[in-house]
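This report concerns only the one structure given below.
None of the figures in this text is laboratory data; all of them are computed from the coordinates on show. Predicted, not measured: the structure shown is a model, and the values here were computed from it. All Cβ positions, glycine included, derive from the backbone under ideal geometry; neighbour counts span all protein chains shown.
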Protein chains: 2
Amino acid sequence: MTMANLPFISLADAEPPFYAGIDLGGTNIKCGIVDNRGRPLSYLTTQTCIELGPEQGAQRMAEATGQAALDAGLKMSQIARVGLATPGTMDIPRGILLNPVNLPGWENFPIRDRVAQHTGRPVAYANDANAAAYGEFWVGSGVHHCSMIMLTLGTGVGGGIIVDGHTIDGENSHGSECGHIIVDSRDDARLCSCGHTGHLEAYASATSVARRTQEALSSGHPSSLNRCQEEGLEVTALRVHQAAESGDELALEIILETARYLGIGITTLLHTIDPAAVVLGGAMNFGGVENRIGKRFLEAVRQEVARRAFPVISAHVQIGFASLGGNAGYIGAAGIAKKQEELS
Amino acid sequence: MTMANLPFISLADAEPPFYAGIDLGGTNIKCGIVDNRGRPLSYLTTQTCIELGPEQGAQRMAEATGQAALDAGLKMSQIARVGLATPGTMDIPRGILLNPVNLPGWENFPIRDRVAQHTGRPVAYANDANAAAYGEFWVGSGVHHCSMIMLTLGTGVGGGIIVDGHTIDGENSHGSECGHIIVDSRDDARLCSCGHTGHLEAYASATSVARRTQEALSSGHPSSLNRCQEEGLEVTALRVHQAAESGDELALEIILETARYLGIGITTLLHTIDPAAVVLGGAMNFGGVENRIGKRFLEAVRQEVARRAFPVISAHVQIGFASLGGNAGYIGAAGIAKKQEELS
């Protein structure tokens, strides 16, 4: 995921209280300190080292948090609360990692309380996609809105929904799984990574972009991407984007088709939630709004929504790209910690 | 819509404060007084008389509320707050009926404030489907849960979503329009009453049941319902239900197909909201859970959800019929008034 270059604020300019945010992924732990207004004072990343197991993981996260606090010029005791975001499956109320696909060996681990023990601070626990959405909502692309949906386009399609300032976590910690809404109900619909068919993720993820391109190439479509096969290179969403930039028609059509599927899924979400904004995050942003292809992609999403959604909704909803990049997760986790403190 | 026979509670047994609820429809105004625990003390219904216009309508609603208060043994000044539920389109924050399809001539009318003037009480304004959902959530089938989705199966498919005790009203008062989530994204999908294609309502409403049956009959399917055509009777969802009760195979298949479409839509909603319960309300309940066909219908909905949703969700979510019948709207409106008072 792209890291947007967020400027750090100095301790002198920051507004207390301070919060730490941790974004735990299968590869890296991201950790940062933010002030009361969500402005980062420090940030660091360290490898997750899955193989060392969750007990050491919790300790390493606490150490990273302590280092981030030091980098910000703060002692750990000056951190009001820690926000911890992890992938699922999880039990948010109990603070437990259940069966996280990307963290093998970390099953059924009471991660919230262990991080709390090691940091000595209260820990708020959140789903990573919801935390990223909350970050964008708090200080990113959703900052001017009261409600927002974020879709994270990467290997899969993640989702986060915020209504009246609260994330929708769900009764089974499975709320806001927007990648798994059904966009194709036919029996022969595409297979999703979750094992079911017809989900948005099976059509709008980077994985799906690569797969659909591969299928088109295999069926003989002319494209500059055929050289990938010849050169033994994997077809990826990034290469599809690059080919589209170079004028490849198939690549562009695949990207616009992806936008249309997204538009279908977004329409369903709009008619369910009616949010002020939809924010598209994740690595697959086709260069973002500054890029010719990114712009066409976004326009095609908006067109499909305009074609399918209630006019009053499509006229008002703001659909755009995320602005915090890979910072959204730890900032959002810190924001959820702040919210939890205010409610406690 | 069926009116469940709710027992009235006497004033002596009731717990103050008291709330009035008004459920405005195209045909009738329903009005009742409930106590602090949502138990009705009185109920009455009067014709809407659309042709008299909204100014008189507001006055008539206030008169009905005053009468309901009297019937309960209360003066209007003893009613803490009034809840008013109307069909859309509407502007909930501003309290305005915008362009209600079922109330021609009542466009752009400040209905909340007019009812407040005529009753002399503060009025909380809500969408009728959300109010019905809130009624079931407060004292009906959702009473033991923290979150709930209600689908109202009638001429259309209405929806109401409650998360952490709050209805999702949306930025444009278009939240929880569950009938308009997309279950079939093909270009030749069925046309919805809203003018778009592939929406849940186009597959799972009573109108759709009648239409799909009619289509099957026209294409030569054997069925006892062919006599409708011969006798010049309209095919309705009720007649389809009756035919299924009498062993008609086509009728049963249409009902089970409806359940499968509902299961698709419900799966999408479950993956978005992850609620504790899904409640099916509205006139089209195939006799409810006490009825052989109603039971098979519900079972088929659950099966489709089990086939399509995350196992942890389908294992935990409670899917059942509503229990308040036509009382849900005014009770829910009163409940929203109570909630608004508590938050004010």
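What the table shows:
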read-out: Ratio Rg/Rh, restricted to chain B and using Cα atoms, in which Rh is the Kirkwood radius; value: 0.99
read-out: Under DSSP loop assignment and at most 14 Cβ neighbours within 10 Å, longest GluC sites (Glu not before Pro)-free interval of chain A; value: A:108-233
read-out: Estimated Rh, the stretch A:209-322: Kirkwood, alpha-carbon pairs, angstrom; value: 14.8
read-out: Share of alpha-carbon pairs per 5 Å distance bin for the stretch A:1-72, given as whole %; value: 3, 17, 27, 21, 16, 10, 4, 1, 0
read-out: Selected from B:PHE297, B:THR197, A:HIS144, residue furthest toward positive end of dipole (the protein assembly as shown; charges at beta carbon); value: A:HIS144
read-out: Net dipole in debye of the stretch B:141-321 [+1 Lys, Arg Cβ; -1 Asp, Glu Cβ; about Cα centre; nearest 20]; value: 360
read-out: Shape category assigned to the stretch A:273-331 from the gyration tensor of Cα positions, a/c cut at 1.5; value: oblate
read-out: Number of partner chain Cβ atoms within 10 Å, mean per residue of A:309-315; value: 5
read-out: DSSP-loop trypsin sites (Lys or Arg not before Pro) across the stretch A:83-128, with at most 13 other Cβ within 10 angstrom; value: A:ARG94
read-out: Most mobile listed residue (B:GLY332, B:GLY175, B:GLY265) in chain B, GNM with C-alpha springs under 10 Å; value: B:GLY175
read-out: Given charges at beta-carbon only (K, R positive; D, E negative), |dipole| of the protein assembly as shown in Debye; value: 780
read-out: Alpha-carbon centroids, the stretch A:1-54 and the stretch B:248-311: separation in whole Å; value: 45
read-out: Over the stretch B:32-159: Kirkwood hydrodynamic radius from C-alpha pairwise inverse distances, Å; value: 15.5
read-out: Chain A: most fluctuating residue of A:GLY247, A:GLY159, A:GLY135 per GNM, C-alpha cutoff 10 Å; value: A:GLY247
read-out: Listed residues B:PRO54, B:PRO93, B:PRO311, most fluctuating in chain B (Gaussian network, C-alpha, under 10 Å); value: B:PRO311
read-out: 3J(HN,Hα) from dihedral phi, the stretch A:313-321, Karplus parametrisation 6.51/-1.76/1.60, rounded to Hz, x for glycine, proline; value: 6, 5, 6, 9, 5, 8, 10, x, 7
read-out: Reach of A:LYS338 by Cα under 21 Å, taken over lysines that are not fewer than 8 positions away in the same chain; value: A:LYS30, A:LYS75
read-out: Reciprocal mean inverse distance between Cα atoms of the stretch B:155-242 - Kirkwood radius, Å; value: 14.8
read-out: 15 Å tail of the calculated P(r), the stretch A:54-95, as % of Cα pairs; value: 52
read-out: Residue order, fewest to most surrounding Cβ atoms within 10 angstrom, among B:HIS241, B:HIS199; value: B:HIS241, B:HIS199
read-out: Distant alpha-carbon pairs in the stretch A:121-174 (separation over 13 angstrom), percent; value: 57
read-out: Compactness of the protein assembly as shown as Cα Rg over 2.2 N^0.38 Å, two decimals; value: 1.01
read-out: Exercise: per-residue mean of other protein chain Cβ atoms within 10 Å, A:183-194; value: 3
read-out: Three principal axis lengths of the stretch A:115-206 [C-alpha, angstrom, descending]; value: 51, 34, 25
read-out: DSSP beta bridge pairing in the protein assembly as shown, given as percent antiparallel to the nearest 5; value: 55
read-out: Computed helical MRE - 222 nm, the protein assembly as shown, DSSP H runs ≥ 4 contributing -39500 (n - 2.57), nearest 500; value: -12500 deg cm²/dmol
read-out: Restricting the stretch A:149-252 to trypsin sites (Lys or Arg not before Pro) in coil, as DSSP defines it, with at most 13 other Cβ within 10 Å; value: A:ARG186
read-out: Cα-centred dipole magnitude for the stretch B:92-193, charges only on beta-carbon of K, R (+1) and D, E (-1), debye, nearest 20; value: 360
read-out: Antiparallel content of DSSP bridges confined to the stretch B:141-321, in %, to 5; value: 55
